[in-house]
Amino acid sequence: MKLIAATARNYARALFEISGEQSENLETELEAVVGLMKENPELQVFFESPRVPSDLKKKKLVKAMGSLSSHTVNLLQLLIDRRRESLLGNIFDAISEENDSQKGRVRAVITYGHDFGIAKDDQNHEIVLAIKESILKNRAAFSLPDGNIDVIVSNKVNPELKGGVVIRIGDNQYDASIATYIKKWRERIKVHNLDSNLIITKEQSV
């Protein structure tokens, strides 16, 4: 897995240098290609199959995608020629990370225990803005650098959290969910041999 990630990053860095100011467009096009693969599993199998001739793959993929920039077309053809088609998703992730790093962006996934009616990509809801402000005030907790940072969030809902919120940025996670609170209390109760009914009131009140 580490070797795959390292190889994808090498491709991404080379593409980033070659594409220059077009790197954002390259990311957008790769996102479209990766999305198309996810929506059409048969196309992904066709694209990654070693039994399908390279020329046929190139023709079908270009036809399926329509107009693409020369950078994107060259990348797809290179992956096909080198039989590295399965790296496409990893390269897209690496390109996205490289663009974010250069533009001073960080991406956070916010999972809510209750549905507040916040759209997945809503960056301006009052709850989202409050969480963004909290993230920037606690940069060290998320290993974020100093300077201007644009926090881009993706909002999700998971009723199993029972309430509260979980924030993930890269490998760093802040868990303030009710489910985790209850779990920790249960662990403490086991350690001290207390009656588990002590937290029933807490669970019922959630």
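Here are the numbers for the structure shown:
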| quantity | calculated |
| --- | --- |
| 1 or more residues not assigned by TED's automatic domain parsing to the domain that holds R9: qualifying helices (runs of 4 or more DSSP H) within region 33-91 | none |
| R82 surrounded by fewer than 19 Cβ atoms within 10 Å (Cβ to Cβ), more than 22 Å from L3 (Cβ to Cβ), out of contact with any helix residue (DSSP H, G or I) (no Cβ under 9 Å at 6 or more places or on another chain) and free of Cβ contacts under 8 Å to residues at least 60 places away in the same chain | no |
| Hey, Q173 touching a strand residue (DSSP E or B) at 6+ places or on another chain (Cβ under 7 Å), free of Cβ contacts under 8 Å to residues at least 12 places away in the same chain and not in a helix (DSSP H, G or I) or not | yes |
| Unique match (being loosely packed, with under 14 Cβ neighbours inside 10 Å and not polar (S, T, N, Q)) among G117, G113, G164 | G117 |
| Check on L68, among the hydrophobic types (A, V, I, L, M, F, W, C), on the phi < 0 side of the Ramachandran plot and loosely packed, with under 14 Cβ neighbours inside 10 Å | no |
| Pair list, Cβ under 7 Å, 6 or more apart: region 16-45 residue free of Cβ contacts under 8 Å to residues at least 12 places away in the same chain and surrounded by 13 or more Cβ atoms within 10 Å (Cβ to Cβ), other residue assigned to a helix (DSSP H, G or I) and not β-branched (V, I, T) | Q44/M37 |
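A quick yes/no check of all residues on (1) small (G, A, S); (2) closer than 25 Å to T180 by Cα; (3) at pLDDT below 90; (4) not in a helix (DSSP H, G or I):
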site	(1), (2), (3), (4)
Q123	no, no, no, yes
I127	no, yes, no, no
A130	yes, yes, no, no
E133	no, yes, no, no
A141	yes, yes, yes, no
D146	no, no, yes, yes
S154	yes, yes, no, yes
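The values are calculated or read from the model by the stated rules, or taken from the named source; none is laboratory data. Remember, predicted model here, so these are calculated numbers, not experimental data. Ideal geometry is used to build each Cβ from the backbone, glycine not excepted, and the neighbour counts take in all protein chains shown.
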